[in-house]
1. Right, residue 42: within 16 Å of residue 99 (Cα to Cα) and either polar (S, T, N, Q) or modelled with pLDDT of 95 or more (or both) or not?
2. Residue check: is residue 109 open to solvent by less than 50 Å² (accessible area, probe 1.4 Å), at pLDDT below 90 and either closer than 30 Å to residue 3 by Cβ or not hydrophobic (A, V, I, L, M, F, W, C) (or both)?
3. Given (1) assigned to a helix (DSSP H, G or I); (2) open to solvent by 80 Å² or more (accessible area, probe 1.4 Å), where does residue 46 come up short, assuming only one miss?
4. For the stretch 23-43, which residues satisfy the criterion of being among the aliphatic types (A, V, I, L, M) and open to solvent by less than 90 Å² (accessible area, probe 1.4 Å)?
5. What do you reckon, is residue 59 buried (at least 16 other Cβ atoms within 10 Å of the Cβ) and part of a helix (DSSP H, G or I)?
6. In the stretch 62-104, how many are over 28 Å from residue 3 (Cα atoms) and either aromatic (Phe, Trp, Tyr) or outside any helix (DSSP H, G or I) (or both)?
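The values are calculated or read from the model by the stated rules, or taken from the named source; none is laboratory data. This one's a predicted model, so the numbers in the text were calculated from it and none came from an experiment. Reconstructed Cβ throughout: ideal geometry from the backbone, glycine too, with neighbour counts over all protein chains shown. Accessible surface areas use protein heavy atoms only, side chains included; no ligands, DNA or RNA. Shrake-Rupley method; radii C 1.70, N 1.55, O 1.52, S 1.80 Å.
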Amino acid sequence: MYEIWLVLNIVWEIALGIWPLLAGAAAIWVVIAAMAWRHAQADWRAALPGSLLLGAIAGAAAFLVVPSLVGSSLGAMGYWVDWGNLLAIACGAAVVAFTYAWPLLAMRSRPPSPGVS
C-alpha cells in the first residue's frame, strides 16, 4: 500500500510542476468538445467505435514505448509496482487519446439521411 501512496504523491508533484500545460490541454479539450456539441451534424454514436479503437491503439503503443522512453525495457521490470505503473500510464494515454478523438470524430461523422436505410 505504501508503494501506491508513493506513486500517487509523485504523480501529484509532477502535475504541480506542469500545471500550465495540463490546464492548456484541458482548455483545448473544452473548446473541441464545445465545438462538437454545437456542430449540427455531429454523430457521437457513429464516432464512438473509431474513438475507442484510437484509444486502444494509443494505450498499446504507450505500453510498448514508455519503458524505452525512460531508459528501461519490459524485461527489466520485475516488481508488480513497475507493471502497475506502466499499465496506469498506458491506460492514461488511452483515455486521453479517446477523450480528444471522440469529439473530433463526431464532427467528421454524418448521421444517415432520413429515408435512407
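1. Numbers: within 16 Å of residue 99 (Cα to Cα): yes; either polar (S, T, N, Q) or modelled with pLDDT of 95 or more (or both): no.
For residue 42, the condition - within 16 Å of residue 99 (Cα to Cα) and either polar (S, T, N, Q) or modelled with pLDDT of 95 or more (or both) - is not met.
2. Working: open to solvent by less than 50 Å² (accessible area, probe 1.4 Å): yes; at pLDDT below 90: yes; either closer than 30 Å to residue 3 by Cβ or not hydrophobic (A, V, I, L, M, F, W, C) (or both): yes.
Here the answer is yes, as residue 109 does meet what is asked.
3. That leaves (2) as the condition not met.
4. Initially, the stretch 23-43 is screened for residues among the aliphatic types (A, V, I, L, M), giving 23, 25-28, 30-36, 40, 42.
Across the stretch 23-43, the qualifying residues are 23, 25, 26, 27, 30, 31, 32, 33, 34, 36, 42.
5. Values: buried (at least 16 other Cβ atoms within 10 Å of the Cβ): yes; part of a helix (DSSP H, G or I): yes.
Here the answer is yes, as residue 59 does meet what is asked.
6. Residues in the stretch 62-104 being over 28 Å from residue 3 (Cα atoms) and either aromatic (Phe, Trp, Tyr) or outside any helix (DSSP H, G or I) (or both): 3 in total.
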